[in-house]
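Q: Questions regarding the structure given below will be posed in turn.
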Amino acid sequence: MEEVIKISVTAGAAVLCAAVLKRSVPELALLVGVAAGALILLELSGAVGPLAELLAGLSAASGLEQEVLAPVWKAVGTAAVTRVTAELCRDAKEGGVAAFVELAGSLLALVLAAPLILAVFEGIGGLM
Amino acid sequence: MKAWRTLALVALLLPCLAVSALASELEQAQAEAAGVDEVIRAAGEYGVDFDAENGVDLDSGLASLWDRVTDSLSKVWKGAAASCVRLLAVVLLCGLLQEAFSAAGGDTAGISRLVGVLGITAVALLDTGKLIGMGRETIGEMEAFSHALLPTVTALCAAAGAPARAAAGQLAAMLFSDMLLALIDGLLLPLVYIYVALSAAAAATGNEGLDRIGELCKWLATVLLSAVLLGYIGYLTISGAIAGGSDALALKTAKLALSGAVPVVGGILSGAAETVLAGAGILKGTVGVFGMLAVLGMCVVPFLQLGVHYLAYKLTGALSAAVGDKWVTGLIDRLGAAFGLVLGVTGACAFLLLVSMVSAVTLAVR
């Protein structure tokens, strides 16, 4: 609960500062946004621990190997970084760059999924 | 005086003892001629105590079946529960991954669904291989047993005075069981594997078309199995009505001919022939009950395994529908349905043998 309040306060303050700076120095407004995002992620790092433990427990119970789950975590990270980057580009009125970032993110996610697809069809072949 | 009375009593009783000894020898001879020893050997560990004279103790046979069920029940439940826990863990994990992807910007490659399918096929691979293999083994055991049992029961039915019914009923059982086994090995079990593979592929790719083809395979297997069983029951019903009448007529004619054609002793010969028929009839009933108990003994543990896993997978599918992706939970349901198909196939073989035993045991020639 406290983390959510801290994050909300940080985000609110960053938005106000960015709104003021945008009229005179738009580049600084963008940097304020990036800094606020970094602070929010830093605040989240404490909450991620219990979630990571839960996911580790579930993956152990399900019998899925780490080699299967490693591409998944990478894909989640890729999707997050792609989204944040694309939104920052749109904030900077660079819609074109945002589109390229999103395309790159989708292609990289497919590349990360390729070993999983192969593993699924090997599993199906094993059933036959 | 008392000594004379005792001697007279002994003289009256001796023939009775001789008659019962002769009857016992007759039953032993009939059992040997019909190949009952081979049936007992073929039953193996599933056979119960067999006595040609006193029959099979149905109560103790059923009690030993019940003991087998209770001994295996806890182990089967634990195995099924462990599979269900692993499946639920996979579904929950996929649900969390989907949430993570939604927050991060979307799962464009369907990665969380792929992980779900991978996890479920990994869990199911062990269960599917073990249970389908068990079904196949049970069907093989029943096939081997039926090759000894059905000819013996046919011979005893014929000896009991119903050769036409024996030919119609028991030979039909042999024909239909061979046909069913060929269908199972050549078509039905491969269809089950294809159904499972198509369901997994459909879940992995999110393709409705593959899913429908899989459902078609399942429908085809069910229809073929039902058609063979209905055909067998229909044939038994029709052939029993016709052949039963002809057997009764033939028997009456033979008795009349024997008592009329042979002077003086014709009536005695006709009575002796009736004794032989009755002896074969009793033995037929005993072998029929033995056969039923042996078939039930072969099937009871595999039925328990398949049935419990079927229910467990269905329950897991229902529970996981609340938290999981529809393709992933649908795959769990379809795997349960595959176990149900194998249960149906094994049950069909057992049903065929049991119906032929019941028709032999309840056979009465009027």
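We did not get these values from a lab; they are worked out from the coordinates using the rules stated. None of the values given here were measured: they were computed from a predicted structure. Cβ: placed from backbone, ideal geometry, glycine included. Neighbour counts: every protein chain shown.
Q: What three numbers, in Å, describe the spread of the alpha carbons of the range A:64-128 along their principal axes, ordered from the longest?
A: Principal axes ranked by extent give 53, 19, 10 Å for the Cα atoms.
Q: Next question. Show me, for the range A:24-40, the HN-Hα J-couplings you get by feeding each phi into the Karplus relation (A = 6.51, B = -1.76, C = 1.60, θ = phi - 60°), rounded to Hz, glycine and proline as x.
A: Rounded to whole hertz, the list is 9, 10, x, 5, 5, 4, 4, 5, 4, x, 4, 5, 4, x, 5, 5, 5.
Q: For q = 0.21 Å⁻¹, what log10 I(q)/I(0) does the range B:63-146 give under the Debye formula with an equal point scatterer on each alpha carbon and no solvent?
A: Results for the range B:63-146 at q = 0.21 Å⁻¹ read -1.01.
Q: Work out from phi, with θ = phi - 60° and the Karplus expression 6.51 cos²θ - 1.76 cosθ + 1.60, the ³J(HN,Hα) of each residue of the range B:287-300, listed in order in whole Hz, and give x for Gly and Pro.
A: Ordered by residue, 3J(HN,Hα) equals 5, x, 5, 4, x, 4, 5, 5, 4, 4, x, 5, 8, 4 Hz.
Q: Where does chain A land on Rg/Rh, using Cα atoms and the Kirkwood Rh? Don't jump to the answer; show the numbers that get you there.
A: Values: Rg = 19.5 Å, Rh = 17.6 Å.
Reported Rg/Rh, Kirkwood definition of Rh: 1.11.
Q: Here's something else I'd like to know. For a quick check of your reading of the filter: which GluC sites (Glu not before Pro) in the range A:1-71 sit in a DSSP loop and have no more than 14 other Cβ atoms within 10 Å? Could you put the intermediate results ahead of the total?
A: On the way: sites: A:Glu2, A:Glu3, A:Glu27, A:Glu43, A:Glu53, A:Glu65, A:Glu67; in loops: A:Glu65.
Sparse-neighbourhood loop GluC sites (Glu not before Pro): A:Glu65.
Q: Can you give the convex hull volume of the alpha carbon atoms of the range A:1-47 per residue, in Å³? Please list the in-between numbers first.
A: Working: hull volume 1.8 nm³, N = 47.
Enclosed volume per residue, from the Cα hull, is 37 Å³.
Q: Taking 0.36 nm per residue of separation and subtracting the Cα-Cα distance, what length does fully extending B:Val323 through B:Asp57 add? Kindly include the intermediate steps, with their values, before the conclusion.
A: Details: separation 266, 0.36 × 266 = 95.76 nm, distance 5.25 nm.
Working it through step by step, the gained length comes to 90.5 nm.
Q: Can you compute 3J(HN,Hα) from phi for each residue in the range B:229-237, using the Karplus curve 6.51 cos²θ - 1.76 cosθ + 1.60 with θ = phi - 60°, rounded to whole Hz and x for Gly and Pro?
A: Once θ is set to phi - 60°, the couplings for the range B:229-237 become 5, 5, x, 5, 5, x, 5, 4, 5 Hz.
Q: Next up: Which whole number gives the average count of other chain Cβ atoms within 10 Å of the Cβ atoms across peptide A:68-76?
A: On the way: counts 5, 5, 0, 3, 10, 2, 1, 11, 9.
Mean partner-chain Cβ count within 10 Å for A:68-76: 5.
Q: Quick one: of B:Lys130/B:Lys314; A:Lys6/A:Lys74; B:Lys218/B:Lys314, which pairs are farther than 20 Å apart, Cα to Cα? Intermediate values should be presented prior to the final figure.
A: On the way: B:Lys130/B:Lys314 18 Å; A:Lys6/A:Lys74 28 Å; B:Lys218/B:Lys314 16 Å.
As for pairs spanning more than 20 Å Cα to Cα, those are A:Lys6/A:Lys74.
Q: Okay, next question. What do you get for the angle between helix A:95-127 and the principal long axis of chain A? Use alpha-carbon atoms, 0 to 90 degrees, nearest ten.
A: For helix A:95-127, the angle is close to 20 degrees.
Q: Here's something else I'd like to know. Compute the FRET efficiency between A:Glu87 and B:Leu96 as 1/(1 + (r/R0)^6), taking r as their Cβ-Cβ distance and R0 = 25 Å, and round to the nearest 0.05.
A: Working: r = 24 Å, r/R0 = 0.95.
Using R0 = 25 Å, I get an efficiency of 0.60.
Q: Any idea how far apart A:Leu103 and B:Lys78 come out in nm if each label point goes 7 Å out from Cα toward Cβ?
A: For A:Leu103 paired with B:Lys78, the spin-label model returns 5.9 nm.
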